[in-house]
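Worksheet: one structure, shown below.
No value in this document is a laboratory result; all are computed from the given coordinates. No experiment lies behind these values; they were computed from the predicted model shown. Neighbour counts are summed over all protein chains in view; Cβ atoms, including those assigned to glycine, are modelled from backbone coordinates with ideal geometry.
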Amino acid sequence: MRKLVYYIGVSLDGRIAGPDGEFDFFPQGDEVQAAAYSTWVNALYPETIPTAYRAAAGVAEAPNRRFDTVIMGLGTYRPAFDNGITSPYAHLRQYVVSSTLKPDTDPAVTVVPSAPLSFVRELKGETGAGLDIWLCGGGRLAGTLLPEIDELLIKTYPVIAGAGISVFDGAFDPTVFNVAERTAFPNGVTLTHLTRS
């Protein structure tokens, strides 16, 4: 069965964005450190680079290695949409969970207006599908989909946001994950791979 994997960047205080959706406060380190980190991560997960930036990241022709599907909330989709990009991950099957987004926004994007939990269960059970499903964000959607999240890939940046969008926003539901691997980078970022207990 396919896995649902939440791959996301967070601050030390568990924020994936600022109060108004800002994400430019995550420190990258100096130019050499940022390049080394990006090269390593992009080689592992090239499909997580938005289509418009794949050539600049050197992964324009890279095959999808881990994911063939992305699911995101409206808040995650909105920055691209507001800049005229209606299909930010054209190299993946794209789903946006939103009760307000028009279903005909883009033919390559499927709007999921309700019941994301049952929808994800259907996606995970698809026969013939080879790669996993990337939960791209946001926090409320992650809180809703927590029962179906199989793995976490958490990029932790050495910064305190103080306020903003939580990595998980939902009901109190302690859920244990095991650390499978942790990699630290010279720019202070750590990438932690966790699996459901």
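Before moving on, here are some points about what is shown:
- If only the Cβ of Lys and Arg carry +1 and only the Cβ of Asp and Glu carry -1, the dipole of the chain around its Cα centre is close to 340 debye.
- Residue-wise HN-Hα couplings along segment 17-32, as the Karplus relation 6.51 cos²θ - 1.76 cosθ + 1.60 with θ = phi - 60° gives them from phi, are 6, x, x, 10, x, 5, 9, 7, 8, 6, x, 9, x, 6, 4, 5 Hz; Gly and Pro carry x.
- CD proxy at 222 nm, helix term only [per DSSP H run n ≥ 4: -39500 (n - 2.57); per residue of the chain; nearest 500]: -6000 deg cm²/dmol
- Across the alpha-carbon atoms of the chain, the computed radius of gyration and Dmax are 16.2, 45 angstrom.
- Look at the alpha carbon pairs under 8 Å that are at least 6 residues apart: their mean separation over the length of segment 91-176 gives a relative contact order of 24 percent.
- When you filter the chymotrypsin sites (Phe, Trp or Tyr not before Pro) in segment 105-172 for DSSP loop state and at most 15 other Cβ atoms inside 10 Å of their Cβ, you are left with 172.
- From phi via Karplus (6.51, -1.76, 1.60), per-residue ³J(HN,Hα) for segment 144-152 in Hz, x at Gly/Pro: 5, 8, 3, x, 9, 6, 9, 9, 10
- Look at where the Cα atoms of segment 123-197 and of segment 40-104 average out, and the two centres are 17 Å apart.
- Residue-by-residue Karplus 3J(HN,Hα) for segment 184-197, coefficients 6.51, -1.76, 1.60, Hz, glycine and proline x: 9, 10, x, 7, x, 7, 10, 10, 10, 9, 10, 10, 5, 5
- Distant-in-sequence amide contacts of residue 66, defined by a placed amide H-H separation under 5 Å and a gap of 5 or more residues or a different chain, comprise 47.
- If both residues of a DSSP beta bridge must be in segment 4-196, then about 40% of such bridges are antiparallel.
- Under a 5 Å amide H cut-off, with hydrogens placed 1.01 Å from N, residue 58 pairs with nothing among residues at least 5 apart or on other chains.
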